[in-house]
1. Is it true that Ser146 is open to solvent by less than 40 Å² (accessible area, probe 1.4 Å) and either out of contact with any strand residue (DSSP E or B) (no Cβ under 6 Å at 6 or more places or on another chain) or not in a helix (DSSP H, G or I) (or both)?
2. If Leu168 satisfies all but one of (1) under 24 Å from Glu93 (Cα atoms); (2) not in a helix (DSSP H, G or I), what's the number of the condition it fails?
3. In the range 318-332, what residues are at pLDDT 65 or above and buried (at least 17 other Cβ atoms within 10 Å of the Cβ)?
4. Suppose we filter the range 120-136 for residues that are under 17 Å from Ser229 (Cα atoms) and open to solvent by 10 Å² or more (accessible area, probe 1.4 Å); how many remain?
5. For the range 98-114, which positions are open to solvent by 40 Å² or more (accessible area, probe 1.4 Å) and part of a helix (DSSP H, G or I)?
6. Could you check the range 194-233 and list, in sequence order, the residues that are under 19 Å from Gly281 (Cβ atoms) and open to solvent by less than 30 Å² (accessible area, probe 1.4 Å)?
7. Scan the range 261-281 residue by residue and report those that are free of Cβ contacts under 8 Å to residues at least 60 places away in the same chain and surrounded by fewer than 24 Cβ atoms within 10 Å (Cβ to Cβ).
8. For the range 287-300, what are the residues that are open to solvent by 10 Å² or more (accessible area, probe 1.4 Å) and over 10 Å from the mean Cα position of the chain (by Cα)?
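The values are calculated or read from the model by the stated rules, or taken from the named source; none is laboratory data. As the structure is a prediction and not an experimental result, all values here were calculated from the model. Reconstructed Cβ throughout: ideal geometry from the backbone, glycine too, with neighbour counts over all protein chains shown. Areas reflect the complete protein model, heavy atoms only, side chains present, ligands, DNA and RNA absent. Shrake-Rupley method; radii C 1.70, N 1.55, O 1.52, S 1.80 Å.
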Amino acid sequence: MSLVNLNTWICPSLMLHKTTRSRSSSFQIFHSFSKLPISFISMNKPKRSQLSYFSSFSISSMLTKEDTLKGKEEEEEEEKEKPRFNFNLYMVEKARSVNQALNDAVLLREPQKIHEAMRYSLLAGGKRVRPVLCIAACELVGGNESTAMPAACSIEMIHTMSLIHDDLPCMDNDDLRRGKPTNHKVFGEDIAVLAGDALLAFAFEHIAVSTSGVSPERILGAIREVAKSVGTEGLVAGQVVDINSEGLSDVGLERLEFIHLHKTAALLEGAVVVGAILGGGTNEEVEKLRMFARYIGLMFQVVDDVLDVTKSSQELGKTAGKDLVADKVTYPKLLGIEKSNEFALKLNRDAQQQLSGFHPLKAAPLIALANYIAYRQN
């Protein structure tokens, strides 16, 4: 298991952007490749009075070499005693809980074929990043896993719906997903469409009926966030602009950012914000976490674009190089691989800066998830 030292995680941020619920082009970060201004340390000479003050100390009052070494040893011991966060164990435990909850939520019943299709894609594995983000955000603001679990499952149902529909011949026309044949290859296009529809509908029923210990106002707020993240202010908007941009030669960074802030980042943002709402977060906490999620959501897609052209289908568990074949505009296509990687790291720094006001131990899962998204290999 890998152990991550909490003290090594805090990264400086570049420009902070205005918090807003809208994912419109007003949230623009594609252009910020300029270097940070360098802060110069004052090199002024010490005043005469300062010199006489220091010279007045006797040698016996200064730290000896032994004292210095002793102090260093004490610091090292304190460092060893500080808690470390085991990210691998955390993800295994949370994914196990999510998988069990998904299995219990979508049972195999009549009509059997549609439920088989729903379960086939929903329980096909995956990293469960979105539901874990939802749970981690809830716990960060004082909630618990059981409070967030119905919403976390709902987010994963919607994500699975988007994958089923995205793989259809009329969309990305993909044959492989998570290392297995795509839904329409197993059940046919008609059942695949209906399986996605059923998961989308049931997601809202599940969060409304199964969430307990939370005020109706907060449940309604969570449902509103989920709906916005998947509709024409979120995922659907990104998909439409993405489809309309295929084959165009004049697609720039601003349009590409719009696509991915909506198509990919919106649902990640919804997962985090919903967790914070249900966990009892204040408006300020919710908006900080919204910005955190928006940064990591865009970073997720930048990394995804790079992996699509640097990894094999076997390594990814899905068809590699499909964006190139479809003549889609990607970050590597516009920036190159090196600059795309730099941009992803910048987004990671900016995301983690949003968590600086939270308790380090409680923020550890979200920080680790951000690093995981930044450095993932599939």
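1. Answer is no for this residue.
2. Of everything listed in (1) under 24 Å from Glu93 (Cα atoms); (2) not in a helix (DSSP H, G or I), Leu168 misses just condition (1).
3. Narrowing the range 318-332 to residues at pLDDT 65 or above: 319, 323, 327-332.
Thr319, Asp323, Lys328, Val329, Thr330, Tyr331, Pro332 - these are the residues of the range 318-332 that are at pLDDT 65 or above and buried (at least 17 other Cβ atoms within 10 Å of the Cβ).
4. Of the residues in the range 120-136, 1 are under 17 Å from Ser229 (Cα atoms) and open to solvent by 10 Å² or more (accessible area, probe 1.4 Å).
5. Asn99, Gln100, Asn103, Asp104, Gln112, Lys113
6. Hits for the range 194-233 are Ile207, Thr211, Val214, Ile219, Gly221, Ala222, Glu225, Val226, Ser229.
7. Scanning the range 261-281 gives Lys263, Thr264.
8. Glu287, Lys288
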